[in-house]
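The block underneath contains the structure these notes are about, expressed in structure tokens.
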Protein chains: 2
Amino acid sequence: MVHDILTAERIAAIEKELRHIAAIIKQKGREILLQYPITAPQFVALQWLADKGDMTTGELSQTIRLAISTTTDIVDRLEKNELVKRVRDEKDRRIVRVHILKKGEHIITEVIEKRQAYLKELLETFSHQEADQLQLLLHKLHGKMNDYEQLEAKTEKKKRR
Amino acid sequence: MVHDILTAERIAAIEKELRHIAAIIKQKGREILLQYPITAPQFVALQWLADKGDMTTGELSQTIRLAISTTTDIVDRLEKNELVKRVRDEKDRRIVRVHILKKGEHIITEVIEKRQAYLKELLETFSHQEADQLQLLLHKLHGKMNDYEQLEAKTEKKKRR
């Protein structure tokens, strides 16, 4: 029976590993950010802008899952520190997008390089095959998480109708 | 050459997966907590007390990596909600430990069951072998993270001398 193989014990073990690993990653990320003039939510916003390109505050708020008012505050502070700027759409002047600046990109690159250096040390004793499997399995898990969120968002929309 | 096999590309890919997965896990955890009268840091403290048993506020503060003053605030609020109580050591009355109460244990159990149910849905399409590998690789990674932290703590102590 295919559905019996994922025992409650295994689920519990994986949940615990993920919970603790996520907590350590969060803590490590905060330690790295201490050296930079940005907070954790500011980093998250900046990282998405670097990754996905310009976004309106509304789009950014949905992406980082924070209220519009909080997102506006974050963008204000990033703009004050010259890490982003607000750019008006050429064609539709009512639309304003947040654009990451060189200084913002530079911080993101440095922070991610430090996170990679940390991970590299952790993975030093992993074989080629293990690292390969880890990447594949995390990719699959991440994909399932995204599927789940999309499904949830759809259900939420239906409920609201 | 053993050290060449972990290419920068692979490190970058795994770092990105872990960063995004950790963010989703954090967000999901927060969503689950919305149904309970505790905040995220309160949950983290409660979870360690459930896991490791009674601790002094100092020990708890080190475990959850928050300042003593913040940890004291968290314990105060948990005590007010009857999720923990402070217990004086029988032998050495100067020592006060935080003890999780039934109501606190109950919340932890429920929250973790919800997190497990979420994970179970995500892992539905994973084969027995994949789930097995995921557990092993996460366990190894978590172990390396703990080793790294202990090494860092030692280096920190030496620096202070």
Size of the dipole of the stretch A:2-123 about the Cα centre, Lys and Arg at +1 and Asp and Glu at -1 on the beta carbon, nothing else charged, in debye to 20?
320
Note, the stretch A:49-65: 3J(HN,Hα) by Karplus (6.51, -1.76, 1.60, θ = phi - 60°), whole Hz, Gly/Pro = x, goes 5, 5, 7, 9, x, 4, 9, 6, 4, x, 4, 4, 4, 5, 5, 8, 6
Could you check which residue among A:SER61, A:SER127, A:SER69 shows the biggest mean-square fluctuation in a GNM of chain A with a 10 Å Cα cutoff?
A:SER127
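Could you tell me the relative contact order of the stretch A:1-106? Use alpha-carbon pairs under 8 Å, at least six residues apart, and round to a whole percent. Intermediate results must be reported in sequence, preceding the final value.
Values: 86 pairs, mean separation 23.3, N = 106.
After rounding, I find 22 percent.
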Name the chain A residue nearest the rotation axis between A and B, going by Cβ position, and give the distance in whole Å.
A:ALA22, 2
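By the scheme Lys and Arg +1, Asp and Glu -1, what is the net charge of all other residues having a beta-carbon under 12 Å from that of A:TRP48? Intermediate results must be reported in sequence, preceding the final value.
On the way: positive: A:LYS52, A:ARG65, B:ARG19; negative: A:ASP51, A:ASP54, A:GLU59.
Summing Lys/Arg as +1 and Asp/Glu as -1 gives 0.
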Environment charge of A:LYS140, counting only residues whose C-beta is closer than 12 Å and scoring Lys/Arg +1, Asp/Glu -1:
-3
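Contour minus end-to-end for B:TYR36 and B:HIS106, with contour as 0.36 nm per residue of separation and end-to-end as the Cα-Cα distance? Kindly include the intermediate steps, with their values, before the conclusion.
Values: separation 70, 0.36 × 70 = 25.20 nm, distance 1.11 nm.
In short, 24.1 nm is gained.
Can you tell me how the protein assembly as shown classifies by the Cα gyration tensor, rounded, prolate or oblate, using a/c under 1.5 as the rounded cut?
On the way: a/c = 1.35, a/b = 1.25, b/c = 1.07.
Here the protein assembly as shown falls in the rounded category.
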Any idea what the B:ASP54 label distances to the other copies are, label 7 Å down the Cα→Cβ vector, nm, shortest first?
6.2
Over 5 Å intervals from 0, what percent of Cα-Cα pairs in the stretch A:2-123 sits in each interval?
2, 10, 17, 18, 16, 11, 9, 7, 5, 3, 2, 0
In order through the stretch A:27-37: 3J(HN,Hα) via Karplus (6.51 cos²θ - 1.76 cosθ + 1.60), integer Hz, x for Gly, Pro:
5, 4, x, 5, 4, 5, 5, 4, 7, 10, x
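Efficiency by 1/(1 + (r/R0)^6): what FRET value for A:GLU90 and B:GLU121, r their Cβ-Cβ distance, R0 = 51 Å, to the nearest 0.05?
0.70
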What pairs from A:LYS159/B:LYS140; A:LYS26/A:LYS154; A:LYS26/B:LYS80; A:LYS154/B:LYS120 go past 32 Å between their alpha carbons?
A:LYS159/B:LYS140
For the stretch A:99-111, 3J(HN,Hα) per residue [Karplus equation, 6.51 cos²θ - 1.76 cosθ + 1.60, θ = phi - 60°, Hz, x = Gly/Pro]:
10, 6, 9, 3, 4, x, 4, 5, 4, 4, 4, 5, 4
At B:GLU124, label 7 Å along Cα→Cβ: distances to the other copies, nm, ascending?
4.2
Can you tell me the orientation of helix A:128-160 relative to chain A, as the angle in degrees between its alpha-carbon axis and the longest Cα principal axis, to the nearest 10?
60
Answer rounded, prolate or oblate for the stretch B:59-154, using the Cα gyration tensor with square roots of eigenvalues a ≥ b ≥ c: rounded when a/c is under 1.5, else prolate when a/b is larger than b/c, else oblate.
oblate
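At most 10 other Cβ atoms within 10 Å and a DSSP loop assignment: could you name the GluC sites (Glu not before Pro) in the stretch A:1-95 that fit?
Those satisfying the criteria are A:GLU90.
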Electrostatic dipole magnitude of the protein assembly as shown [Cβ: Lys, Arg +1; Asp, Glu -1; Cα centre; debye, to 20]:
1200
Among B:LEU66, B:LEU137, B:LEU33, the residue with the largest mean-square fluctuation in a Gaussian network model of chain B built from Cα contacts under 10 Å is B:LEU137
Using a 10 angstrom cutoff on alpha carbons, build the Gaussian network for chain A and name the most mobile of A:ILE11, A:ILE112, A:ILE68.
A:ILE11
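Ignoring ligands, DNA and RNA and using a 1.4 Å probe, state the total buried accessible area between B and A in Å², rounded to the nearest 100. Walk me through the intermediate numbers first.
Values: alone 13010 and 13000 Å², together 19440 Å².
By this definition, chains B and A bury close to 6600 Å².
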Computed accessible area, B:VAL96, all protein chains, 1.4 angstrom probe, square angstrom:
50
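The values are calculated or read from the model by the stated rules, or taken from the named source; none is laboratory data. Computed from a prediction, not measured in an experiment: that's the story for all the values here. Cβ: placed from backbone, ideal geometry, glycine included. Neighbour counts: every protein chain shown. In case anyone asks, the SASA skips ligands and DNA or RNA and just uses the protein heavy atoms, side chains included. Shrake-Rupley method; radii C 1.70, N 1.55, O 1.52, S 1.80 Å.
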